[in-house]
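Note sheet for the following structure.
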Amino acid sequence: MDDITFEYSTDSVNWTELAEVYRLAPLGTYDWEQLQRAYEDSQVCCFVYHGTQLIAAGRALSDREYFAFICDIVVLPKFQHQGIGTRIVNALSERSAAEKVLLACVIGQEGFYRKLGFLKHKSVMALYPNAEQYKGIGLLE
């Protein structure tokens, strides 16, 4: 695809545009200021542009030795299934410089990550403020 660029700095991100990418993906409604803090406090970020339009993003937390955690991969629907998500995951994994990379994904997207070499982890635990809500949708046991 022509005119696709990958950037790794938060300096020129339009945060309201990123919040709209999340809404349309659809990954939910996010406050742009919270997204800005989350991305700026992450060790590795990736933003994808089609021309000047922000079309995808991802971020990871990393200790740059042992563990990295990919927190978000978001791609506008119009640009999904074109290899952009794969390129984001690969860039975050590589730039995280950690031995092990973990991620949490949307239910139903496990196959996408399996194709990239990820395996299901049997002993990851989670602490959520609204645990019952997430139990109700099958995300937590």
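We did not get these values from a lab; they are worked out from the coordinates using the rules stated. Bear in mind the structure is a predicted one, so any value in this text is a computation, not a measurement. Note that we place each Cβ from the backbone using ideal geometry, even for glycine, and neighbour counts take in every protein chain shown.
Please give the calculated 222 nm ellipticity per residue for the chain, where each DSSP H segment of at least 4 residues contributes -39500 (n - 2.57) and the sum is spread over every residue; nearest 500 deg cm²/dmol?
Mean residue ellipticity at 222 nm (helix-derived): -8500 deg cm²/dmol.
To two decimal places, what compactness ratio does the chain give when its Cα radius of gyration is scaled by 2.2 N^0.38 Å? Present the calculation step by step, with values, prior to reporting the outcome.
Working: Rg = 15.0 Å, N = 141, 2.2 N^0.38 = 14.4 Å.
Dividing the Cα radius of gyration by 2.2 N^0.38 Å gives 1.04.
Considering only DSSP states other than H, G, I, E and B, which trypsin sites (Lys or Arg not before Pro) in the stretch 1-101 qualify as loop sites with at most 15 other Cβ atoms within 10 Å?
Arg64
Please give the FRET efficiency for Arg114 paired with Gln34, using the beta carbon to beta carbon distance and R0 = 30 Å, rounded to the nearest 0.05.
Details: r = 30 Å, r/R0 = 1.01.
It comes out at approximately 0.50.
Among DSSP beta bridges whose residues both lie in the stretch 32-141, state the antiparallel percentage, nearest 5.
Antiparallel bridges: around 80 percent, rounded to the nearest 5.
Could you list the GluC sites (Glu not before Pro) in the stretch 12-117 that lie in coil according to DSSP, counting only those with at most 15 other Cβ atoms within 10 Å of their Cβ?
Values: sites: Glu17, Glu20, Glu33, Glu40, Glu65, Glu94, Glu99, Glu110; in loops: Glu65, Glu99.
Here the GluC sites (Glu not before Pro) that fit, given the DSSP loop and packing criteria, are Glu65, Glu99.
For an R0 of 30 angstrom, estimate the FRET efficiency from the Cβ-Cβ distance between Glu141 and Asp2 and round to the nearest 0.05.
Computed FRET efficiency for Glu141 and Asp2: 0.10.
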